[in-house]
Amino acid sequence: MAAATAALARFSKKSLTSTNYLNLLQRTLATSASASPSPSPSPSPSPRSVITPSPDRVSWDYRGQRRIIPLGQWLPKIAVDAYVAPNVVLAGQVTVCDGASVWAGSVLRGDLNKITVGFCSNVQERSVIHAAWSSPTGLPAETIVERFVTIGAYSLLRSCMIEPECIIGQHSILMEGSLVETHSILEAGSVVPPGRRIPTGELWAGNPARFVRTLTHEETLEIPKLAVAINDLSKEHFSEFLPYSTVYLELEKFKKSLGISI
């Protein structure tokens, strides 16, 4: 069997290297190449088909973000003098009371329960507030932020209650059923476990949050002052946005061009 295979290989090699076979192969390839049509160059576009954009054209970005999102029968409520940044998302059962401010990038999602931001309180940048169906403590699962409360940036609040005149540090997390009593401060990066209660007039910190010390009387007096200062700052931002559109300006200009008295 091996001898027959070797003889077949020698015969194939000899046939491939023969001069007649090579000449026949060259003629066949040359004939097929001459018979195949040469690719024609693509026609150049006519001047009429070329669209040149106008130099006066403005590239508008129509990808707007909805600030107020109604869910079913629930519509977010914003007080007249409350400041809500343009890229904030308020969904469902959300109430922003007088003098409160919700800063850029925050999300308040009241699809499962109510969320309330009290008078002169502020929710700073990139914070997330949510509410669960129920609380492990048996208390109402809605998220309540009382008056003169400062919530630092990048904080997360879920079905908790913060009593008046408190400070929640940046990057803090308050889980379901947690309670922060009045005149309390939670340092930055603290995590309050579900059902944990922070007593009044105390400073807590850590993960999980633990008692650090009792606040002095001067420190408790500074808590509402910070909320008022942020409220004053929000008024400067609020003045940059009109409650109504500026279409009336174009209408007045059009009436003046027609000689109509305004």
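Inspection of the range 72-79 identifies at least one residue that is more than 19 Å from the chain's Cα centre (by Cα), within 17 Å of E146 (Cα to Cα) and either assigned to a strand (DSSP E or B) or of a type in the set (D, E) (or both).
Only one of the numbered conditions (1) farther than 21 Å from E165 by Cβ; (2) at pLDDT 95 or above is violated by A132, and that is (2).
In the range 192-238, of all residues being in a helix (DSSP H, G or I) and among the charged types (D, E, K, R), the one that is nearest to Y83 (Cα to Cα) corresponds to K235.
For first residues located in the range 87-109 and over 18 Å from A132 (Cβ atoms), partners that are assigned to a loop (DSSP other than H, G, I, E, B) and of a type in the set (D, E) and lie 6+ apart or on another chain with Cβ distances below 7 Å form the pairs D98/D81; G99/D81; W103/E125; A104/E125; G105/E125; S106/E125.
Within the bounds of the range 234-246, is there any residue that is within 16 Å of V149 (Cβ to Cβ), among the acidic types (D, E) and open to solvent by 30 Å² or more (accessible area, probe 1.4 Å)? Checked against the condition, which is being within 16 Å of V149 (Cβ to Cβ), among the acidic types (D, E) and open to solvent by 30 Å² or more (accessible area, probe 1.4 Å), the range 234-246 yields no hits at all.
The values are calculated or read from the model by the stated rules, or taken from the named source; none is laboratory data. Predicted, not measured: the structure shown is a model, and the values here were computed from it. Positions of Cβ are generated from backbone atoms using ideal geometry, with glycine treated the same way; all protein chains shown enter the neighbour counts. Side chains are part of the model used for accessible areas, which takes the heavy atoms of the whole protein and leaves out ligands, DNA and RNA. Shrake-Rupley method; radii C 1.70, N 1.55, O 1.52, S 1.80 Å.
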